[in-house]
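Q: I have a structure here, written as structure tokens, and I will follow up with some questions on it.
The values are calculated or read from the model by the stated rules, or taken from the named source; none is laboratory data. All of these numbers come straight from a predicted model, not from anything done at the bench. Here the Cβ is made from the backbone with ideal geometry for all residues, glycine too, and neighbour counts use every protein chain on show.
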Amino acid sequence: MSRIENRTFDELAIGDKHTYARLLTPEDFERFSRAAGELDPAAVESGLVTTNGFEMIAGAAGWAGALAASVIAGQFPGLGSQLVRLSLADQGPAAPGDLVTLAALVQAKGEGRRVTLDLRAVNQRGEAILTGSAEVVAPSEKIARGRVRGRNGEIHEKGRRYRRLLELTRGFKPLRMAVVHPVDEASLVGAVEAAREKLIEAVLIGPEEKIRRAAEAANVDVSGFEIVNTQHSHAAAVAAVAMAREGKAEALMKGALHTDELMRAVVDGATGLRTARRITHVFAIDAPTYPRALFITDAAVNIYPDLIDKRDIIQNAIDMVRALGILTPRVAILSAVETVSPDIRSTIDAAALCKMADRGQITGGILDGPLAFDNAVSEEAAHTKGIVSPVCGRADILVAPDLEAGNMLAKQLEYLADAEMAGIVLGARVPIVLTSRADKTIARLGSCAIALALARRPA
């Protein structure tokens with residue numbers, strides 16, 4: 001269980017800053033529309049927020065006031081704070097699907113443990129939607145406790161990891177990305193939003209008439225985008241791969257075509273994008289109940305990988321995660337059990353892969369396995385089973401034994417644990433954003449940010 005800690009008056013200094021990112025949903029607006037309910041229900045029910053004026057202020061200021069009050073009460077300064085005054089001004093509209101980042105900056109400190117906070121919220125495009133200030137009586141005593149669950153789940157900052165990805169790539173030159181067959185609303189809007197965020201310079205490849213019909217249906221303007229007209233999806237995949245081979249595209253993005261149709265063009269021995277490294281896939285998971293970014297491999301490309309395939313699957317994932325700022329990722333090699341058994345091939349592979357890492361055949365990470373899923377993500381579960389490991393409970397990368405297990409694990413996290421997923425293919429000459437038709441825009445932006453970080457990482 002992760003823990004939350006407050007910031008006492010003595011710990012706060014002028015200029016200290018705290019940021020909180022939240023992906024707004026229709027349920028947020030419904031919940032925030034009720035005066036008492038506008039405060040995070042989990043915070044209210046857990047007792048982290050008392051009747052120190054938060055409910056009244058939240059009800060008067062709408063969802064923005066609720067968000068600000070919840071951050072002050074639960075995070076910065078946090079537990080034991082008392083809100084004296086909250087003054088907010090709307091600067092622009094917000095809507096479901098917006099990724100809102102609220103920044104609270106310590107502006108002044110005074111007698112009676114009074115702290116003045118400067119508040120500013122922006123959307124995913126950096127546009128201001130809220131400004132204001134708050135006067136708070138900061139706590140005098142340090143309080144730390146485990147996170148608690150309320151009616152709407154564990155208190156967490158959903159979307160914050162993708163927001164960090166976007167911030168990581170600010171200032172990078174956008175990738176020239178070939179978007180393959182974007183003839184439906186989801187894939188076209190994802191590409192347009194990524195271009196708007198300056199992550200990519202999109203080249204739309206596919207039947208031009210269908211692309212323009214999709215743009216009209218989605219109410220997006222594609223007049224400023226280059227469109228490469230092809231007859232059908234297969235021709236679009238071939239044309240995109242050719243652009244990458246010729247250096248005219250730095251990355252690919254899958255649109256409304258089957259994954260195997262795109263990947264056939266990518267892995268073609270004569271005209272594809274193969275390298276000496278095995279082509280593999282990684283899901284970047286923002287799982288709100290897990291205290292760190294989580295990556296799952298391989299859940300989309302290699303169906304039943306052998307030992308050498310798994311070596312590349314792991315090395316590709318380590319290299320990617322290191323490019324995202326996790327310098328020594330912890331790698332959990334999953335199986336059904338945590339002991340080596342000759343009857344379960346994945347346990348033998350896991351043991352061999354760990355020894356390969358010892359011998360320098362896999363570098364850059366800390367490996368352990370075989371590990372059952374509970375041991376990989378829970379220190380308590382590992383302790384109960386007597387497992388001592390630097391990876392248990394702190395895994396950054398989960399290595400699935402095969403595609404079926406990895407795909408089911410990722411989808412379970414998405415649909416049962418409220419996780420967001422971004423996906424990317426590695427090991428080819430260029431990064432490949434491999435999206436699903438069910439992916440939300442924020443996941444597509446996260447995938448593009450990963451591709452950009454990989455392409456622009458220092459040599």
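Q: Among the residues of region 437-445, is any aliphatic (A, V, I, L, M), at pLDDT below 90, crowded, with 21+ Cβ neighbours inside 10 Å and more than 19 Å from Thr289 (Cβ to Cβ)?
A: Within region 437-445, one or more residues are aliphatic (A, V, I, L, M), at pLDDT below 90, crowded, with 21+ Cβ neighbours inside 10 Å and more than 19 Å from Thr289 (Cβ to Cβ).
Q: Moving on to the next point. For Pro370, indicate whether it is over 21 Å from Ala284 (Cβ atoms) and either without any contact (Cβ under 8 Å) to a residue 24 or more places away in the chain or outside the structural domain of Arg264 (by TED's automatic domain parsing) (or both). Break it down stepwise before answering.
A: Values: over 21 Å from Ala284 (Cβ atoms): yes; either without any contact (Cβ under 8 Å) to a residue 24 or more places away in the chain or outside the structural domain of Arg264 (by TED's automatic domain parsing) (or both): yes.
Judged against the criteria, Pro370 is a match.
Q: Taking region 304-329 as the region of interest, how many residues are at pLDDT below 95 and either buried (at least 21 other Cβ atoms within 10 Å of the Cβ) or not in a helix (DSSP H, G or I) (or both)?
A: To start, the set of residues in region 304-329 that are at pLDDT below 95 comprises 319-329.
Narrowing the set further to residues that are either buried (at least 21 other Cβ atoms within 10 Å of the Cβ) or not in a helix (DSSP H, G or I) (or both) leaves 320-321, 324-329.
So the count comes out to 8.
Q: If Arg264 meets every condition in (1) surrounded by fewer than 20 Cβ atoms within 10 Å (Cβ to Cβ); (2) in a helix (DSSP H, G or I); (3) in contact with a Pro (Cβ under 9 Å, 6 or more places away or on another chain) apart from one, which number is that one?
A: Evaluating Arg264 over (1) surrounded by fewer than 20 Cβ atoms within 10 Å (Cβ to Cβ); (2) in a helix (DSSP H, G or I); (3) in contact with a Pro (Cβ under 9 Å, 6 or more places away or on another chain) leaves (3) as the failure.
Q: Could you look through region 64-94, keep only residues that are out of contact with any Leu (no Cβ under 7 Å at 6 or more places or on another chain) and assigned to a loop (DSSP other than H, G, I, E, B), and pick out the one that is farthest from Ile14 (Cα to Cα)?
A: Initial filter on region 64-94 (out of contact with any Leu (no Cβ under 7 Å at 6 or more places or on another chain)): 75-76, 78, 80-87, 89, 92-93.
Remaining after also requiring assigned to a loop (DSSP other than H, G, I, E, B): 75-76, 78, 80-81, 92-93.
On the way: Gln75: 17, Phe76: 13, Gly78: 17, Gly80: 20, Ser81: 17, Gly92: 28, Pro93: 30 Å.
That would be Pro93.
Q: I'd like to check something: does region 125-134 contain any residue that is within 20 Å of the chain's Cα centre (by Cα) and modelled with pLDDT of 75 or more?
A: Keep residues of region 125-134 that are within 20 Å of the chain's Cα centre (by Cα), which gives 125-126.
Filter once more, keeping what is modelled with pLDDT of 75 or more: 125-126.
Yes, region 125-134 contains at least one residue that is within 20 Å of the chain's Cα centre (by Cα) and modelled with pLDDT of 75 or more.
Q: Among the residues in region 270-285, are any aromatic (Phe, Trp, Tyr) and crowded, with 17+ Cβ neighbours inside 10 Å?
A: yes
Q: A follow-up question, please. I need a count of the residues in region 185-238 that are at positive phi and either assigned by TED's automatic domain parsing to the domain that holds Ala422 or buried (at least 21 other Cβ atoms within 10 Å of the Cβ) (or both). It would help to see each step written out before you state the result.
A: First, pick out the residues of region 185-238 that are at positive phi: 198, 206, 219.
Of the ones still in play, those that are also either assigned by TED's automatic domain parsing to the domain that holds Ala422 or buried (at least 21 other Cβ atoms within 10 Å of the Cβ) (or both) are 206.
Count: 1.
Q: Please report, ordered by residue number, the strands (runs of 3 or more DSSP E) entirely within region 364-459 with at least 2 residues that are farther than 23 Å from Thr275 by Cα and touching an Asp or Glu at 6+ places or on another chain (Cβ under 9 Å).
A: Of the strands (runs of 3 or more DSSP E) lying wholly inside region 364-459, those with at least 2 residues that are farther than 23 Å from Thr275 by Cα and touching an Asp or Glu at 6+ places or on another chain (Cβ under 9 Å) span 366-371, 420-426.
Q: Mind counting the residues in region 378-414 that are over 21 Å from Leu327 (Cβ atoms) and of a type in the set (A, V, I, L, M)?
A: 11
Q: In region 158-242, which helices (runs of 4 or more DSSP H) lie fully inside it and hold 3 or more residues that are under 21 Å from the mean Cα position of the chain (by Cα)?
A: 160-168, 185-196
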